[in-house]
Amino acid sequence: MGAAVDSGVDAGGGNWQMLAPIWQWGVGRFIPTLILVMMMIDLGAFVGTPGNNRFGPEAEPVRFRSK
């Protein structure tokens, strides 16, 4: 068998201690912000350009109840 090369990095276990500040920032700040931005986009908080555009004519509003 070939000789094992010691690169100084434990690929199996890893040194997770050095990632503690990054994980705290990612979970505490970035992920909640990402969720809020995705919700705003999904709920239509950003108004598009009125009138015709490259995707076709302006959409007609849907009437769920008749008068």
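Here, each number is a calculation from the coordinates, and none is a lab measurement. Computed from a predicted structure; not experimentally measured. Here the Cβ is made from the backbone with ideal geometry for all residues, glycine too, and neighbour counts use every protein chain on show.
Couple of notes before you dig in:
- Simple label model, 7 Å out from Cα along Cβ direction - Leu19 to Asn52, nm: 5.3
- Backbone HN-Hα couplings from phi across the range 22-38 [Karplus 6.51/-1.76/1.60, Hz, Gly and Pro as x]: 5, 5, 4, 5, x, 6, x, 10, 6, 5, x, 5, 4, 5, 5, 5, 5
- Taking other Cβ atoms within 10 Å as a rough exposure proxy, Met40, Met18 sort from fewest to most as Met18, Met40.
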